[in-house]
Amino acid sequence: MSVPDAAASVFGDELGRATAYADLLATRGLEWGLMGPREVDRIWDRHVLNSVAVGHAIAPGASVVDVGSGAGLPGIPLALARPDLRVTLLEPLLRRANFLTGVVEELGLGERVEVVRGRAVGPDDKDPLGHHAQYDVVTSRAVAALPRLLAWCVPLMAPTGSIVALKGSSAAGEVSDAAADVARHRLKAEAIPVTTHDGADPTWLVVCTR
Ligand SMILES: C[S@@+](CC[C@H](N)C(=O)[O-])C[C@H]1O[C@@H](n2cnc3c(N)ncnc32)[C@H](O)[C@@H]1O
């Protein structure tokens, strides 16, 4: 798999580990059923580089939880592009959590990146995998529409924290459709376009704060 020019400017000194991660997605990720065969050609643009966009709304030194990390998106590329962050990858499914544990070990990220096999839950959910901790930033990609995502993410958000969801071009529509949920959680929400590198299409973040 060829490495796009943009990857060097986005990952800098971490380009080697970002490339190793992209290779793991294309090999073990495919074998373990975490990536579809059609995704292999777009691992860099659609997955690895796209994930880095969440960093645009994250302050230096923050603790971050990636809810529903799957194969490590956006959490692993974020941790590689932003060595100042501490990142928890939260994933309930055993095979995915095992994949994440292997990636963190093999990339040598264990000092800053933790894998938790667990689930984000609403306040009334009784779930043995329910994860209860608080973080400066609760991020996610492709996990749920905004109303359900807020119910899961608000309990993980520190009092001065934020939710930063990586969304497609539907972001602004999702924010207006979920206005009542946003208000019920006493949050403010906005959709922000972000371009990760020159020539990339903008991607969208939904950022919620109290
Ligand atoms: C469509 S996948 C997206 C994976 C990854 N974020 C990505 O962008 O490729 C959704 C993931 O969310 C996880 N998930 C679903 N409900 C969850 C919850 N309540 N808490 C944490 N993870 C959850 C699933 O196990 C799955 O790995």
When the charge dipole of region 51-209 is computed with +1 on Lys and Arg Cβ and -1 on Asp and Glu Cβ about the Cα centre, the Cα farthest towards its positive end, among Pro147, Val194, Ala71, belongs to Pro147
Could you work out the relative contact order of region 110-210, using alpha carbon pairs under 8 angstrom and six or more residues apart, expressed as a whole percent?
25 percent
Pairs of alpha-carbon atoms within less than 8 angstrom and 6+ residues apart define the contacts here; what relative contact order does the chain have, in percent?
18 percent
Where Lys and Arg each count +1 and Asp and Glu each count -1, what net charge lies around Ala6 among other residues with Cβ under 15 Å from its Cβ?
-3
Based on DSSP H assignment, which helices of the chain show an axial Cα extent of at least 18 Å together with a mean Kyte-Doolittle hydropathy greater than or equal to -1.0?
94-107
In a GNM of the chain with a 10 Å cut-off on Cα contacts, which of Ala183, Ala151, Ala191 has the highest mean-square fluctuation?
Ala183
Note down the nm distance, to one decimal, between modelled labels 7 Å out along Cα→Cβ at Thr101 and at Arg86.
2.1 nm
Determine how large the accessible area of Asp198 is when every protein chain is in place; take a 1.4 Å probe and give Å² rounded to the nearest 10.
150 Å²
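On full extension of the chain, what length is gained from Ala158 through Ser63, given 0.36 nm per residue of separation minus the C-alpha to C-alpha distance?
Working: separation 95, 0.36 × 95 = 34.20 nm, distance 0.98 nm.
Result: 33.2 nm gained on full extension.
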Of the candidates Gly55, Gly108, Gly199, which one comes out as most mobile in a Gaussian network treatment of the chain with C-alpha springs shorter than 10 Å?
Gly199
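The values are calculated or read from the model by the stated rules, or taken from the named source; none is laboratory data. Source: prediction; values computed, not measured. Quick reminder, even Gly has a Cβ in these numbers, built from the backbone with ideal geometry, and neighbours come from all protein chains shown. When the accessible area is computed, the model is the full protein with side chains, heavy atoms only, and any ligands, DNA or RNA have been set aside. Shrake-Rupley method; radii C 1.70, N 1.55, O 1.52, S 1.80 Å.
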